[in-house]
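Report on the following structure.
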Amino acid sequence: MGASQPGGPSLPQERRLVTAIPGPKSVELMERRNKAVARGVSTTLPVFVTRSGGGVVEDVDGNSLIDFGSGIAVTSVGNSAEAVVRRATEQLQRFTHTCFMVTPYDSYVAVAEQLNELTPGDHEKRTALFNSGAEAVENAVKIARAYTKRTAVVVFDHGYHGRTNLTMALTAKNMPYKESFGPFAPEVYRVPVAYPFRWLTGAENCADEAAAAAIDAVTKQIGAHNVAAVVIEPILGEGGFIEPAKGFLPKIVEFCRENGIVFVADEIQTGFCRTGEWFACDDEGIVPDLITTAKGIAGGLPLAAVTGRAEIMDAAHAGGLGGTYGGNPVACAAALGAIETMRAHDLNGAAQRIGEVMKGRLNTIAEKNPAIGEVRGRGAMIAIELVKPGTKEPAADYAGAIAKACHAEGLLVLTAGTYGNVLRFLPPLVMPEHLLVEGLDILEKAIAQVTA
């Protein structure tokens, strides 16, 4: 996990502040952006990037910031990773597009083969490629409905699945994702998830009680025989990096198997070494019927996929799946480069090491600060939930203020959570350890300053 690994090692791996954050050039560009870009497109940190790689982001004012966001888990292999750039450049020089549905090309097939091999389970699989995570989830629902000839879809509290009409319906959080954008797609039903920190009877009862409550709701309110698919993130991302209590997911999978329901694992944020395993499902040995992937799949280029059991994937009629840009050849080349990088540099091991360093340090901070209700996550997908000291009341004001303080000191962090009170950390898996430690130093000072 150092500068010798791919992901922009030629860029100095150091934090460097030469102006205030944002600097004058970024402020000027932000004024142009506000006049040209729709208000609904928000900005977390208004610095304009010129270069990025390894564990840093460099802006137009010459500042170099430590990156604890990875473009929301997209640049896990680093920005401009050598194999990604090499393969994508070679493809750009050959052709940029033909539409795979018109005249196909081998890189789409190669990506499908890799996904069929890497995703959980040794059954026969098929893959279809798309552009975004939301598009993958929407197509997974289409495929499940075609296979089961049923219509209902079950999702979970705190889940996030995208911004299209159907995936907004699947998403739990109203603001900012759903507010004023309805009506939403029908036949979507929400049930409880095993959220240990907030389970009313305690974490030790969470898995069994949450699974029983979810199954009871499906059975009584929908009818299991009407359910096409159950869709869940193995670790809930935007909801606050909630890791369902151990045993909950296997119980849901068992219920799906017993009732002919397609179990869909949304691994868009958790996939491709992010949790220290190829996929978060691997932790409990879960084998989904369908798995959706995107984000970390292609080193920053837009690509997404649905991979699953051959008989389910092949249920859709010819021409029923696809899209003009789905599986773009340049994005496919980048994906092959990203997977090459993950294999060659053991990024699962790198993610595990990041998790050890981060959780060790954050747990030490939490022991001294009652505003940290919980430290959680796996691998390089770590979060802290902030509360009013002595309670479990969400402290969104703390989260926002800590993020702002970190940004001012040159550390990019992201907030999350249904209640807006979670700080989530998604460093590139190629981040040098000295930057990880320096970022944690900045974070510790910000937490102390805000919660004093």
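The values are calculated or read from the model by the stated rules, or taken from the named source; none is laboratory data. Not measured: the values here are computed from a predicted model. Cβ: placed from backbone, ideal geometry, glycine included. Neighbour counts: every protein chain shown.
Some observations on this one:
- Qualifying positions in the stretch 234-252 - outside any loop (DSSP other than H, G, I, E, B) and free of Cβ contacts under 8 Å to residues at least 60 places away in the same chain: Phe248, Leu249, Pro250, Lys251, Ile252
- Of the helices (runs of 4 or more DSSP H) that lie entirely inside the stretch 48-134, those containing 3 or more residues that are outside the structural domain of Glu311 (by TED's automatic domain parsing) and out of contact with any strand residue (DSSP E or B) (no Cβ under 8 Å at 6 or more places or on another chain) span 82-94.
- Residue ID - surrounded by the fewest Cβ atoms within 10 Å (Cβ to Cβ), chosen from residues in the stretch 282-301 that are touching a Leu at 6+ places or on another chain (Cβ under 8 Å) and over 18 Å from Val430 (Cα atoms): Glu284
- If you filter the stretch 302-322 down to residues that are part of a helix (DSSP H, G or I) and hydrophobic (A, V, I, L, M, F, W, C), you find that the one that is surrounded by the fewest Cβ atoms within 10 Å (Cβ to Cβ) is Ala310.
Let's see how each residue does on (1) closer than 30 Å to Lys149 by Cα; (2) touching a strand residue (DSSP E or B) at 6+ places or on another chain (Cβ under 6 Å):
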{"site": "Ala318", "(1), (2)": "yes, no"}
{"site": "Gly327", "(1), (2)": "yes, yes"}
{"site": "Ala335", "(1), (2)": "no, no"}
{"site": "Asp346", "(1), (2)": "no, no"}
{"site": "Ile354", "(1), (2)": "no, no"}
{"site": "Leu362", "(1), (2)": "no, yes"}
{"site": "Gly373", "(1), (2)": "no, yes"}
{"site": "Ala396", "(1), (2)": "no, no"}
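- Considering (1) assigned to a loop (DSSP other than H, G, I, E, B); (2) touching a residue at least 24 places away in the same chain (Cβ under 8 Å), the lone condition that Asn174 does not fulfil carries the number (2).
- Asp208 meets the stated requirement of being modelled with pLDDT of 95 or more, in contact with a helix residue (DSSP H, G or I) (Cβ under 9 Å, 6 or more places away or on another chain) and of a type outside the set (A, V, I, L, M).
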